[in-house]
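Here is the structure we will look at, set down as structure tokens.
No value in this document is a laboratory result; all are computed from the given coordinates. Just so it is clear, the model here is predicted, and its values are computed rather than measured. Reconstructed Cβ throughout: ideal geometry from the backbone, glycine too, with neighbour counts over all protein chains shown.
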Amino acid sequence: MWKLFWIPLIAPFLASGLFLMHPMTDRANDGGGSVKAASTPSSPLPARPEHIVVVMEENHSYREIAGNPDAPYMNKLMKLGANLTNHYAIEHPSQPNYLDLFSGSNQKVTDDLPSHTFKTDNLAAELIKHGYTFGGYSDGLPKAGYTGPYDLKTSYARKHNPWADFSNVPASVNLPFSSFPKDYAKLPTVSFVIPNLKHDIHDGTIKQGDDWLKTNLSGYVDWARKHNSLLILTWDEDDRSAKNKIPTVLVGSGVKPQSYDVRTNHYSILRTIEDFYSLPAIGHSKEAAAIKVWK
């Protein structure tokens, strides 16, 4: 009897979404980066990009990059594209964040020790399964398919190369950056670009990282803005603070340039790519909404 009495009273609140329940993650510590605004299906997106290139930098917070005179090109991209001013990594240290973005999970990795092997769902495997293509381009990778932990001569580190950890991703997509196509129309559907430890600002300076990015990716950025394609520039984590707020920028023909303060994280990037290509959401990306920065 009391149930029937209360239904008319709470119906308006249910309709407004005030009683909407948010899914919980199974992560013990999300490092301040959990995103509560999940939706099923995720937010509508514009036409899928012909190509997406994701570039991962290292270990700097938003405040260390935004407005920094040693990072003129990165700050130029913030003005050319969507500057996410409230974007977060998931945790510390580096390696789990690469796995989070690539597979929606840290795969129970909580350190930077390399040479893991997984068979679980991941972005590359899902793209290939659904008829798309993937390429992972690592600066300093000694040769295609290389699975060693480091190359000290070239400052390559496998801990920043998550696709090398998955047995369901073909070795043929594990490529040195020297293989990055000069003809951008020949790029895979989705590419990841991982600068080496000097060029990603891990061991090198902010200026070194900014110079490398401009030298090697500005041509793609200019092309993407005219050819229905997209650059996503992000960082693995900040300077190991509890807040873990990082710079993230999206630049492309479909992007509406401005700053956005909606809270997002690595899972949001993964969910955006999945939704663009109608892929199933994997891992914690199921709990994230696609990023809304479109014209």
The long-range amide H neighbours of ILE90, using H built 1.01 Å from N in the peptide plane and a cut-off of under 5 Å, are HIS266
Apply the Karplus parameterisation 6.51 cos²θ - 1.76 cosθ + 1.60, with θ equal to phi minus 60°, to every residue of the stretch 99-110 and state each ³J(HN,Hα) to the nearest whole Hz, in sequence, with x for glycine and proline. 5, 4, 5, 7, 10, x, 7, 7, 6, 6, 8, 10
Mean separation of Cα contacts under 8 Å (at least 6 apart) over the residue count of the chain, i.e. the relative contact order in percent, is 33
Amide H contacts under 5 Å for PHE192, placed H, 5+ residues apart: VAL54, GLY135, GLY136, TYR137
Around PRO72, under 14 Å between beta carbons, what's the net of Lys plus Arg minus Asp minus Glu among the other residues? +1
Rg (one decimal) and Dmax (whole number) from the Cα set of the chain, in Å, equal 19.4, 76
Phi-derived 3J(HN,Hα) across the stretch 181-192 with the Karplus relation (6.51, -1.76, 1.60, θ = phi - 60°), rounded Hz, x for Gly and Pro, is x, 6, 8, 5, 5, 9, 5, x, 4, 10, 10, 10
Residues with beta-carbon under 9 Å from that of PRO114, excluding PRO114: net charge, scoring Lys, Arg +1 and Asp, Glu -1? 0
In whole Hz, what ³J(HN,Hα) sequence does the stretch 264-281 give by Karplus (6.51, -1.76, 1.60; θ = phi - 60°), x for Gly and Pro? 9, 7, 4, 5, 5, 5, 4, 5, 4, 5, 4, 5, 4, 10, 6, 8, x, 6
Let me know the charge dipole size of the stretch 145-194 about its Cα centre in debye, to the nearest 20, where only the beta-carbon of Lys, Arg (+1) and Asp, Glu (-1) is charged. 80
Put +1 on the Cβ of each Lys and Arg and -1 on the Cβ of each Asp and Glu in the stretch 48-96; which of LEU77, VAL53, TYR88 then has its Cα farthest toward the positive end of the dipole? LEU77
Taking the Cα centre of the chain as origin, work out the dipole magnitude from +1 charges on Lys and Arg Cβ and -1 charges on Asp and Glu Cβ, in debye rounded to 20. 780
List the equivalent ellipsoid semi-axes of the stretch 50-145 in whole Å, largest first, each obtained as the square root of 5λ for an eigenvalue λ of the Cα gyration tensor. 27, 18, 14
How do SER285, SER241 line up, fewest other C-beta atoms within 10 Å first? SER241, SER285
Sequence of ILE206, ILE269 once ranked by neighbouring C-beta atoms within 10 Å, starting from the fewest: ILE206, ILE269
With unit charges on the beta carbons (Lys and Arg positive, Asp and Glu negative) and the dipole taken about the Cα centre of the stretch 108-222, which residue among LEU152, TYR220, LEU175 sits farthest to the positive side? LEU175
Cβ-defined net charge surrounding LYS159, 11 Å radius [Lys, Arg +1; Asp, Glu -1]: -4
If one compares the long axis through the Cα atoms of helix 2-16 with the longest principal axis of the Cα atoms of the chain, the angle in degrees, nearest 10, works out at 40
Taking ARG240, ARG225 and counting other C-beta atoms within 10 Å, the order from fewest to most: ARG240, ARG225
Counting lysine pairs in the stretch 177-295 that sit 8 or more positions apart or on different chains, with Cα atoms under 17 Å apart, gives 9
Nearest 500 deg cm²/dmol is fine: what mean residue ellipticity at 222 nm does the chain get from its DSSP H runs of n ≥ 4 alone, each adding -39,500 (n - 2.57), divided by its residue count? -7500 deg cm²/dmol
